[in-house]
Amino acid sequence: MDSGSADDRNQLLHVDIQVNEQDPRGGILDLLSRLRPHWRVQDIQMKTFTEGITNQLIGCYVGSLQEPGCVLVRLYGRMTDLYVNRDREVEMFQVFHTHGCGPQIYCSFQNGICYEFVRGTVLDDELLRQPSIYRLIAAEMGRIHSIQPKRGLSVEPFLWTKMSRFLTLLQRSPTSSPAEHSVAQHEVPSFETLSAEMETLKRHLSLIDSPTVLCHNDLLTKNIIYNHKEGMLKFIDYEYADYNYQAFDIGNHFNEFAGVNDVNYSLYPSLELQRDWLTAYLESYKQSTGREGKVIAAEVTQLYIQVCKFSLASNFFWGLWAILQSRFSSIDFDFQRFVLLTEATWKKKKKKKEKLCV
């Protein structure tokens, strides 16, 4: 599957307004007057979703949120443009939608985007472990990974470029409060240590023959919408979607089994679950890329080992991200605690995987 032409992606409506994140209703009504001119102002209802830890998300509808035509308005988090490429995000939205893997994006505005509401419910942590559900997730990821870049376009994994960007921002941004400074001094590794760790990861993981594919890169449960009636699910939120290592996308998703608000890595999927998940994934990936043949145990084992190793990169990636968020974000979330949990887990898993993944 080809990802489509750039011309198709350059026709998105842009509305030159800024929505006040403290009192967004007025600005959102202005957006809706262009996107849904037939809606009467007095009939418009808005629901704020609380799952996001980077941006504000508001659903706008008349009648029922589950009816066609609902609009989601996403207000970007404070200073997130420093480390999220918004043009690339829009491009990824359109690529996913073109291939039937994501919602339609309606417009951009100065500090956000509007897009189609995906009917269903946000997946919860318990459903994530059910075979019927995780096999659907694996199959959907396999389909997304099969989407090819535009003909003639060379792609590189975004992992090292993005982490280098994170490190540059960390170096340039001093700690913002005495409390954070205290945590940084005693718990968070220095910039020099973090840089050295990234280089070690890059040196080791670059030798692993993991294909570069179109990845979501942030597949936590809150970014999966499950439609029980239709027996299907979709991935949402493409801030970090880009071409990347296949094993990173899977390893990152396995890390998300531990949760976000109450991180517990004893919930990391068992070997049996991982192998079943990877089998479902490979079946989908093979079918979507036109490769014939049954998935064999050796293929599952090879991918399992790669995923084990790249899950370490995922821990490191989101640890850097959380340090940045603790300095810039206005969202009510304990990013500093997340940093410390991620760092502790990184150290434990690094020792464990050195033994298991040889």
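The values are calculated or read from the model by the stated rules, or taken from the named source; none is laboratory data. Fair warning: this is a prediction, and the values are worked out from it, not measured in the lab. Note that we place each Cβ from the backbone using ideal geometry, even for glycine, and neighbour counts take in every protein chain shown. In case anyone asks, the SASA skips ligands and DNA or RNA and just uses the protein heavy atoms, side chains included. Shrake-Rupley method; radii C 1.70, N 1.55, O 1.52, S 1.80 Å.
Here are some notes:
- Shown here for the stretch 222-330: trypsin sites (Lys or Arg not before Pro) in loop regions (DSSP other than H, G, I, E, B) with at most 16 other Cβ atoms within 10 Å, namely K229, R291, K294.
- Relative contact order %, the stretch 24-116, counting alpha carbon pairs below 8 Å whose residues are six or more apart: 20 percent
- What a 1.4 Å probe finds exposed on the stretch 24-116 is 48% carbon and sulfur by accessible area, rounded to a whole percent.
- In the stretch 258-303, GluC sites (Glu not before Pro) in a DSSP loop with at most 12 other beta-carbon atoms within 10 Å: E292
- Among Y83, H99, V73 the positive-end extreme of the charge dipole of the stretch 68-108 (Cβ point charges): V73
- Label positions at E283 and L65, each projected 7 Å from the Cα along the C-beta direction, are separated by 3.4 nm.
- Within the stretch 65-212, the proportion of C-alpha pairs whose separation exceeds 26 Å stands at 51%.
- Surface per residue (accessible, 1.4 Å probe) for the stretch 199-306, Å²: 44 Å²
- Shape summary of the stretch 183-299, radius of gyration then Dmax from alpha carbon positions: 17.2, 54 Å.
- If you take the Cα centroid of the stretch 248-289 and the Cα centroid of the stretch 117-138, the two points sit 12 Å apart.
- Spacing of the two label points (7 Å from each Cα toward its C-beta) at S190 and K202, in nm: 2.0 nm
- Remark: relative contact order (the stretch 149-306) = 20 percent; criterion is Cα-Cα distance under 8 angstrom and separation of 6 or more residues.
- Stokes-Einstein diffusion coefficient of the stretch 36-132, Kirkwood radius over Cα pairs, 20 °C, 1.002 mPa s, in µm²/s: 142 µm²/s
- Put a dot 7 Å past the Cα of V41, heading toward its Cβ, do the same for R88, and the two dots end up 4.0 nm apart.
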